[in-house]
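Below you'll find the structure, written out as structure tokens, and then a few comments.
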Amino acid sequence: MIKVGYLVPFLVIKALPDYDSYFCNILGTELYSMLPKKYSIKEYKVGDRDWAAVFEIRPPRVILSQKSPQYIRKMIESRFSNILLSNGLKIKKVAKIYSADFYKVAVGCENGLVSSKEIFELFKPHVDSLRENIREKIYFIVYSDNVKEYVVNALYPAPIERVKKVIFYSEMNTVDVKVDTSDVAMFMGKRRLNLLTAIKLTGVNIEINGI
């Protein structure tokens, strides 16, 4: 039985112009599904096969997605299973803001990797193997149980080594990150997308303030 988040192979049966979707069969089952074009990574023809994540279940149909955090997580876990296992890594969460062209992937570490740059270098030689399945950029973030540390890590690829001070207001679930005034825009990112994605990834209210 499939569940939301499962990665499944599908076969395109026909296009549904009225719904701007593809009507698909989930291979190996008798289940039919819809892959909305806004959730697909490319255009498909009848007979094409690919992979997608189960995004929503609306009996008797299933909605698929190739852009959901579940899809990104499952793709990374399936393609990089050896790297994750051999380095004591685990995908904790994936976040993306709708209009952003990147995902942030929080990675839990057990074997001493201490920075997002180190994790990125670990995956870098293999990232090209995902290009056919993931079109957006991926930023790997070091997960931490320490809220302040996790928030700072989540602001990568901003130069997190330039953070001056971090204050956690636990009663408000808010972290105030102090940087040089000239660096505020860089930490926010274009259209504040870097900040908003970090907020979504951590589940913490984040404020960037100059000093």
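The values are calculated or read from the model by the stated rules, or taken from the named source; none is laboratory data. These numbers come from a predicted model, not from an experiment. Reconstructed Cβ throughout: ideal geometry from the backbone, glycine too, with neighbour counts over all protein chains shown.
Among the candidates VAL147, VAL163, which residue alone is crowded, with 18+ Cβ neighbours inside 10 Å, out of contact with any Asp or Glu (no Cβ under 6 Å at 6 or more places or on another chain), modelled with pLDDT of 85 or more and not aromatic (Phe, Trp, Tyr)?
Result: VAL163 is the single residue among VAL147, VAL163 that is crowded, with 18+ Cβ neighbours inside 10 Å, out of contact with any Asp or Glu (no Cβ under 6 Å at 6 or more places or on another chain), modelled with pLDDT of 85 or more and not aromatic (Phe, Trp, Tyr).
Since TYR143 meets every condition but one in (1) touching a helix residue (DSSP H, G or I) at 6+ places or on another chain (Cβ under 7 Å); (2) among the hydroxyl-bearing types (Ser, Thr, Tyr); (3) over 27 Å from ASN173 (Cα atoms), which condition does it not meet?
Result: TYR143 passes all but (3).
Would you tally the residues in region 8-33 being surrounded by fewer than 12 Cβ atoms within 10 Å (Cβ to Cβ) and among the small types (Gly, Ala, Ser)?
Residues flagged as surrounded by fewer than 12 Cβ atoms within 10 Å (Cβ to Cβ) and among the small types (Gly, Ala, Ser) within region 8-33 amount to 1.
Within region 166-211, which residues are of a type in the set (S, T, N, Q) and either part of a strand (DSSP E or B) or on the phi > 0 side of the Ramachandran plot (or both)?
Passing the criteria: ASN173, THR174, ASN205, ASN209.
Which pairs do you get when a residue that is closer than 14 Å to TYR98 by Cα, found in region 169-197, comes within reach of a residue that is β-branched (Val, Ile, Thr) and modelled with pLDDT of 95 or more, reach meaning Cβ atoms under 7 angstrom, with the pair 6+ apart or on two chains?
Pairs that qualify, where the first residue is closer than 14 Å to TYR98 by Cα and the partner is β-branched (Val, Ile, Thr) and modelled with pLDDT of 95 or more, are LEU195/ILE206; LEU195/ILE208.
On the basis of being out of contact with any strand residue (DSSP E or B) (no Cβ under 6 Å at 6 or more places or on another chain), within 27 Å of GLU207 (Cβ to Cβ) and among the polar types (S, T, N, Q), does SER129 make the cut? Working first, answer last.
Working: out of contact with any strand residue (DSSP E or B) (no Cβ under 6 Å at 6 or more places or on another chain): yes; within 27 Å of GLU207 (Cβ to Cβ): no; among the polar types (S, T, N, Q): yes.
Answer is no for this residue.
With respect to the numbered conditions (1) under 21 Å from TYR98 (Cβ atoms); (2) modelled with pLDDT under 90, which one is the sole condition not fulfilled by PRO59?
(1)
Here's the yes/no breakdown for (1) out of contact with any helix residue (DSSP H, G or I) (no Cβ under 9 Å at 6 or more places or on another chain); (2) not assigned by TED's automatic domain parsing to the domain that holds PHE140:
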residue	(1), (2)
LEU16	yes, yes
PRO36	no, yes
LYS42	yes, yes
ILE76	no, no
SER81	yes, no
SER86	yes, no
VAL107	no, no
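Can you find a residue that is loosely packed, with under 14 Cβ neighbours inside 10 Å, of a type in the set (S, T, N, Q) and over 27 Å from ILE199 (Cβ atoms) anywhere in region 87-101?
No.
Given the options SER115, SER81, name the one that is hydroxyl-bearing (Ser, Thr, Tyr), surrounded by fewer than 17 Cβ atoms within 10 Å (Cβ to Cβ) and more than 23 Å from ASN194 (Cα to Cα). Step through it out loud before you land on a result.
Values: SER115 fails: more than 23 Å from ASN194 (Cα to Cα).
Matching residue, one of SER115, SER81: SER81.
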